[in-house]
C-alpha cells in the first residue's frame, strides 16, 4: 500500500516520491491552491508545507506544478524545489506528459474513439466558465475513448488531454452532448432528463444525487527530467466513483 498523510479531513495518498518530486492522489473537495491570502479554504499546497521540504518561493503555489479542479480527484505532481518546478512546467508547455482521466457522462458516443479539436475561451458574462469557440480562444485537444455503456444512456470514458486548458475535458464533453455526471457548472438539462428517464428508479437517483463531477485523473507517464527514466503512475478511482459504477451495472 502507498504511503499517505492526513490533512484536516483529507487523506492524501503518496503515489510516488524521490528527492525532487512527489506524485499525490488529490481527493475531491480539496483546492489545489488558494486564490489569495485571505482564503481560509483547505488546499493541497498548504498541506505540502507540513509534510514535505518544499524549497519554492511562489506564494500560495509552493510546490504546485499544475492544478486539478477542486472536485476532480486523482494524480497531481508536486515539485520539491524551484529548479524541478521549472523543468516540469516546461514539460507541460511542450506537451511531454501523457495524462489520462476517467469520466462518467450522460449520453453515448456514436463511435468508440473520437478526437475533439476545439478551441476554448472564457465565457463573456460568466467569467469562471468556458466554452468551445470557432474564433479565438486557445487551442485544445482531447482524445476520448469509450470504455463502457450503461442502459444505453450513461458512458464511462477515458479522456487523454493533449493540451491542458482550464475545464478542458468538462467543456469538450459538453460540446458533444456528453455532460459529466455531477458537474454543476456544465449541464445540458434536456439531454440529462432524457438519459435519466431510461434508467431504473434506483439507478436514476444514484446518478442524480452524485455530489461532484465524476472525473478522476488516473494515469500519468513522463520522462523524469533528472533521471531520464520513464515514470508511469496509475491511480484507481476513488470509492465514490467505484460505487457509482457498481450501481450502474
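The values are calculated or read from the model by the stated rules, or taken from the named source; none is laboratory data. Predicted model only: the values in this text are computed from it and were never measured. So basically every Cβ, Gly included, is an ideal-geometry build from the backbone, and we count neighbours across all protein chains shown.
Inspection of the stretch 22-39 identifies no residue that is under 21 Å from residue 233 (Cβ atoms) and more than 18 Å from the chain's Cα centre (by Cα).
Of the residues 140, 79, the single one that is touching a strand residue (DSSP E or B) at 6+ places or on another chain (Cβ under 7 Å), without any contact (Cβ under 8 Å) to a residue 60 or more places away in the chain and assigned by TED's automatic domain parsing to the domain that holds residue 165 is 140. When every residue of the stretch 181-201 is checked against the conditions, at least one turns out to be in contact with a strand residue (DSSP E or B) (Cβ under 7 Å, 6 or more places away or on another chain) and at pLDDT 95 or above.
Mind checking which residues of the stretch 1-31 are in a loop (DSSP other than H, G, I, E, B), in contact with a strand residue (DSSP E or B) (Cβ under 6 Å, 6 or more places away or on another chain) and modelled with pLDDT of 95 or more?
So in the stretch 1-31, the residues in a loop (DSSP other than H, G, I, E, B) come out as 1-2, 8-9, 18-20, 27-30.
Filter once more, so that each one left must be in contact with a strand residue (DSSP E or B) (Cβ under 6 Å, 6 or more places away or on another chain): 2, 27-28, 30.
Once the filter is applied, which keeps residues that are in a loop (DSSP other than H, G, I, E, B), in contact with a strand residue (DSSP E or B) (Cβ under 6 Å, 6 or more places away or on another chain) and modelled with pLDDT of 95 or more, the stretch 1-31 yields 27, 28, 30.
Is it the case that the stretch 61-81 has a residue that's out of contact with any helix residue (DSSP H, G or I) (no Cβ under 8 Å at 6 or more places or on another chain) and either modelled with pLDDT under 90 or assigned to a helix (DSSP H, G or I) (or both)? Looking for residues that are out of contact with any helix residue (DSSP H, G or I) (no Cβ under 8 Å at 6 or more places or on another chain) and either modelled with pLDDT under 90 or assigned to a helix (DSSP H, G or I) (or both), one finds none in the stretch 61-81, hence no. Is there a residue in the stretch 82-100 that is touching a helix residue (DSSP H, G or I) at 6+ places or on another chain (Cβ under 7 Å) and at pLDDT 95 or above? Checked the stretch 82-100: at least one residue is touching a helix residue (DSSP H, G or I) at 6+ places or on another chain (Cβ under 7 Å) and at pLDDT 95 or above. Highlighted here are the strands (runs of 3 or more DSSP E) found entirely within the stretch 124-236 that include at least 1 residues which are surrounded by 21 or more Cβ atoms within 10 Å (Cβ to Cβ): 130-133, 141-150, 154-161, 215-223. Pairing each residue of the stretch 13-37 that is within 15 Å of residue 240 (Cβ to Cβ) with any residue that is modelled with pLDDT of 95 or more and assigned to a loop (DSSP other than H, G, I, E, B), provided the two are 6+ apart or on different chains, yields C-beta distances under 6 Å for 25/235; 26/68; 28/71; 28/212. If only residues of the stretch 109-123 that are surrounded by 18 or more Cβ atoms within 10 Å (Cβ to Cβ) and not in a strand (DSSP E or B) are counted, the one that is modelled with the highest pLDDT is 118.
Listed here are the residues, each with its yes/no results for (1) buried (at least 18 other Cβ atoms within 10 Å of the Cβ); (2) over 19 Å from residue 15 (Cβ atoms).
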{"residue": "37", "(1), (2)": "no, yes"}
{"residue": "47", "(1), (2)": "yes, no"}
{"residue": "73", "(1), (2)": "yes, no"}
{"residue": "79", "(1), (2)": "yes, no"}
{"residue": "88", "(1), (2)": "yes, no"}
{"residue": "104", "(1), (2)": "yes, yes"}
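Consider the stretch 84-134 and keep the residues that are over 26 Å from residue 236 (Cβ atoms), in contact (Cβ under 8 Å) with a residue 12 or more places away in the chain and assigned by TED's automatic domain parsing to the domain that holds residue 23. The one that is nearest to the chain's Cα centre (by Cα) is 89.
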